[in-house]
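Let me begin by presenting the structure, written as structure tokens, before commenting on it.
The values are calculated or read from the model by the stated rules, or taken from the named source; none is laboratory data. What you see is a predicted model, and the numbers here were worked out from it, not measured in a lab. Neighbour counts run over all protein chains shown; Cβ positions are idealised from the backbone, glycine included.
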Amino acid sequence: MFVKLCGFTRHGDIEKILNLNISAAGFVFYKASKRYVKPVLAKELCEVLRGSSIAAAGVFVDDDADTIKSIADYAGLDMLQVYNSETEAVLKGFLPVISCFRVKQEHTVHDLPVPPESGHILFDTFDAVSMGGTGKGFSSDILKNYRFRDRMIMAGGINSCNVATLIKDIKPFGVDISSGIETAPGIKSPDKIKEILEIIAEAENDSNA
């Protein structure tokens with residue numbers, strides 16, 4: 001299963017995940033976020049990841065394609081997570097891009113977009129104030145009949161209490177976790193990370209049994 005832990009801001013937190021079964025570590029470049037990292041810090045954090053099997057993912061909300069390319073090249077990103085579909089289209093062929101869609105309470109499965117060609121889509125919870133990392137979830141029932149669950153990444157309020165149920169019921173391609181592994185925004189808890197990774201592995205084994 002694709003497992004992305006997002007919102008890293010500290011060298012020590014990156015160092016503690018290097019040998020864990022994690023697919024990607026996320027760095028937020030949205031300046032309004034409590035987990036925002038400047039490109040110079042992101043470059044340092046990506047250098048800590050270098051040589052590991054963990055991809056460096058950049059999360060972008062309102063930057064244009066040229067700015068994203070510049071930051072990605074400077075910091076050494078391996079993949080991108082983009083909230084603007086037009087920008088995502090321009091970035092095609094540059095780096096792997098995860099398309100993002102924020103799910104509202106009134107949405108139905110018919111409102112959900114298809115993933116980009118040969119790519120993945122991430123569903124997060126819509127919030128009028130924040131673009132992500134709120135710790136708020138949305139009803140997973142909307143995803144049970146989504147046709148592209150094999151290319152879908154779930155986010156939004158995922159933690160050790162609900163991740164097993166989500167994996168067993170929805171069977172997504174991956175999960176993206178931020179607030180569920182923190183003691184405060186941007187401050188990661190090694191104990192919470194260890195716990196949730198163990199739960200994910202067990203739930204995945206149960207789903208494949």
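Structure summary
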read-out: Residue satisfying condition, being touching a helix residue (DSSP H, G or I) at 6+ places or on another chain (Cβ under 7 Å) and free of Cβ contacts under 8 Å to residues at least 12 places away in the same chain, within set Ser189, Ser118, Ser99; value: Ser189
read-out: Search result, residues across segment 83-115 that are under 27 Å from Leu49 (Cα atoms), in contact with a strand residue (DSSP E or B) (Cβ under 6 Å, 6 or more places away or on another chain) and not in a strand (DSSP E or B); value: Tyr83, Glu88, Leu91, Leu95, Pro96
read-out: Residue selected from segment 175-192 under the condition of a type in the set (Val, Ile, Thr) and either more than 15 Å from the chain's Cα centre (by Cα) or more than 20 Å from Asp124 (Cα to Cα) (or both), by the criterion surrounded by the fewest Cβ atoms within 10 Å (Cβ to Cβ); value: Thr183
read-out: Output for segment 85-102, where each listed residue is closer than 12 Å to Ile121 by Cα and of a type outside the set (Lys, Arg); value: Ser85, Glu88, Pro96, Val97, Ile98, Ser99, Cys100, Phe101
read-out: Any hit, segment 33-44, residues being closer than 21 Å to Ser70 by Cβ and in contact with a Cys (Cβ under 9 Å, 6 or more places away or on another chain); value: yes
read-out: Selected residue [on the phi > 0 side of the Ramachandran plot and either outside any loop (DSSP other than H, G, I, E, B) or out of contact with any Asp or Glu (no Cβ under 7 Å at 6 or more places or on another chain) (or both)] from Gly180, Gly157, Gly137; value: Gly157
read-out: Per-region count, segment 28-60, residues under 12 Å from the mean Cα position of the chain (by Cα) and either within 16 Å of Asp124 (Cβ to Cβ) or without any contact (Cβ under 8 Å) to a residue 24 or more places away in the chain (or both); value: 5
read-out: Number of the exception - Gly7 against (1) more than 11 Å from the chain's Cα centre (by Cα); (2) in contact (Cβ under 8 Å) with a residue 24 or more places away in the chain; value: (1)
read-out: Those residues of segment 35-63 which are within 19 Å of Cys100 (Cα to Cα) and either touching a Ser or Thr at 6+ places or on another chain (Cβ under 8 Å) or not acidic (Asp, Glu) (or both), in sequence order; value: Arg35, Tyr36, Ala55, Ala56, Ala57, Gly58, Val59, Phe60, Val61, Asp63
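A quick yes/no check of all residues on (1) modelled with pLDDT under 95; (2) closer than 19 Å to Tyr30 by Cβ; (3) of a type in the set (D, E, K, R):
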| site | (1), (2), (3) |
| --- | --- |
| Val103 | yes, yes, no |
| Pro115 | yes, no, no |
| Asp124 | yes, yes, yes |
| Ala128 | yes, yes, no |
| Met154 | no, no, no |
| Thr165 | yes, no, no |
| Lys168 | yes, no, yes |
